[in-house]
Amino acid sequence: VNGAGKSTLFSIISGASEPTSGSVTVASGATIGVLEQINDAHRFGSTVFEAAVSAFSGLIALEKEISLLYDRVNSGEEAVIKAYTDAVERFNSGGGNEFRSKTASLLEKFGFGEEMQRGNADLLSGGEKTKLLMARLILSEPDILLLDEPTNHLDLHATEWLEDYLRKFRGTVVAISHDRYFLDRTVSRVIEVADGKAEFYSGNYSFYAVEKERRYLEKMRQYEKEQAKIAQLEKSAEQLRMFAFKG
C-alpha cells in the first residue's frame with residue numbers, strides 16, 4: 001500500500017539513504033540504476049536526445065580525447081600515435097560506432113520521434129520525462145535496476161517493449177508496481193512490504209495472490225486452534241478453582 005516504505009527501501013538499497021539498522025550488501029563492482037518518480041519540474045538542461053545519450057558519457061569523453069589526439073598526430077607528434085590507436089580501439093570495442101544510433105532507436109520505441117528528440121527535454125510533460133529517464137537508464141546498462149512504478153505513463157507498445165526487455169535482462173530487477181498484469185509478465189518473486197516487515201513469495205503476482213490467501217487462512221486456522229486451546233485451559237482453570245473452593 002502507499003506509505004508502506006517501498007520508495008524508502010529503494011533509497012536505502014541505492015545508497016541515497018542510510019538504514020536506521022541493518023546493512024545493505026551489493027556485489028563488488030556491481031552498478032545500480034534507479035528510476036524514480038518525478039514531476040513536471042524536473043530539469044535536464046538539454047535536448048531529449050542529449051539527455052538520453054548522456055548514458056554513454058564515458059564513450060563521449062573518449063571520443064573527445066580521440067579528436068584531440070588525432071589533431072596532435074596530424075601536427076606531427078609521433079609520441080601520441082600509440083595513445084591515439086589505443087583510444088580508437090577502446091572506442092570501437094566499447095560500442096563507439098553505434099551508441100548514437102542505439103540511443104535514437106530506443107527513444108523511438110518510447111515514443112520520441114526524430115523531431116521530439118531534437119526538442120527541449122525540459123518542455124516535456126512529467127510522464128514524458130519519466131519515459132526519457134527510463135530510456136537513459138536502460139542505455140546505461142546497470143547490473144541492478146531499481147524501477148519505481150515503471151509502467152506509469154507508458155502506452156501499450158512501450159509497456160510491452162519494457163516487459164520483453166526485463167524478461168531478457170541478465171542482471172537483477174527490483175520493481176515497485178501496483179500493475180498486476182506487468183508483475184505477472186515480468187517477475188519471479190514478490191516481496192510485500194507491510195507494517196514495517198517484508199514477506200516473500202516465490203512466484204509472480206497471480207501466485208502471490210493465491211499464496212497470500214492460503215497463508216491468511218492458515219493463520220486463521222492456527223488462531224482458532226489457539227483460541228480453542230485457551231478456552232479449554234480457562235475452563236480447566238475455572239474447574240480447579242471451583243474444586244479448590246469446595247474443598
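The values are calculated or read from the model by the stated rules, or taken from the named source; none is laboratory data. Here the structure is a predicted model, which means the values were calculated and not measured. No Cβ is skipped: glycine too gets one built from the backbone with ideal geometry, and neighbour counts run over all protein chains shown. Ligands, DNA and RNA are stripped out before the accessible areas are found, and what is left, the full protein with its side chains, is counted by its heavy atoms. Shrake-Rupley method; radii C 1.70, N 1.55, O 1.52, S 1.80 Å.
Miscellaneous remarks
- Selection within the range 124-156: residues that are over 12 Å from the mean Cα position of the chain (by Cα), open to solvent by 30 Å² or more (accessible area, probe 1.4 Å) and in contact (Cβ under 8 Å) with a residue 40 or more places away in the chain. The member of this set that is farthest from Ser14 (Cα to Cα) is Asp155.
- Verdict on Lys102 being closer than 20 Å to Gly33 by Cα and either among the small types (Gly, Ala, Ser) or modelled with pLDDT under 95 (or both): no
- Filter result (part of a helix (DSSP H, G or I), of a type in the set (A, V, I, L, M, F, W, C) and either out of contact with any strand residue (DSSP E or B) (no Cβ under 7 Å at 6 or more places or on another chain) or closer than 22 Å to Gly5 by Cβ (or both)) within the range 154-197: Leu156, Ala158, Trp161, Leu162, Phe182, Leu183
- So Glu50, is it open to solvent by 60 Å² or more (accessible area, probe 1.4 Å), out of contact with any strand residue (DSSP E or B) (no Cβ under 9 Å at 6 or more places or on another chain), assigned to a helix (DSSP H, G or I) and touching a residue at least 40 places away in the same chain (Cβ under 8 Å): yes
- Ala79 being free of Cβ contacts under 8 Å to residues at least 24 places away in the same chain and either part of a helix (DSSP H, G or I) or under 30 Å from Trp161 (Cα atoms) (or both): yes
Rundown of residues vs (1) free of Cβ contacts under 8 Å to residues at least 60 places away in the same chain; (2) touching a Ser or Thr at 6+ places or on another chain (Cβ under 8 Å); (3) open to solvent by 90 Å² or more (accessible area, probe 1.4 Å), yes/no style:
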{"residue": "Arg167", "(1), (2), (3)": "yes, yes, yes"}
{"residue": "Val174", "(1), (2), (3)": "no, no, no"}
{"residue": "Thr186", "(1), (2), (3)": "yes, no, no"}
{"residue": "Val190", "(1), (2), (3)": "yes, no, no"}
{"residue": "Tyr208", "(1), (2), (3)": "yes, no, no"}
{"residue": "Lys212", "(1), (2), (3)": "yes, no, no"}
{"residue": "Lys225", "(1), (2), (3)": "yes, no, yes"}
{"residue": "Leu233", "(1), (2), (3)": "yes, no, yes"}
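- Residues satisfying the stated conditions in the range 92-123, i.e. open to solvent by less than 20 Å² (accessible area, probe 1.4 Å) and out of contact with any Gly (no Cβ under 9 Å at 6 or more places or on another chain): Gly95, Gly96, Phe99, Thr103, Leu106, Phe110, Gln117
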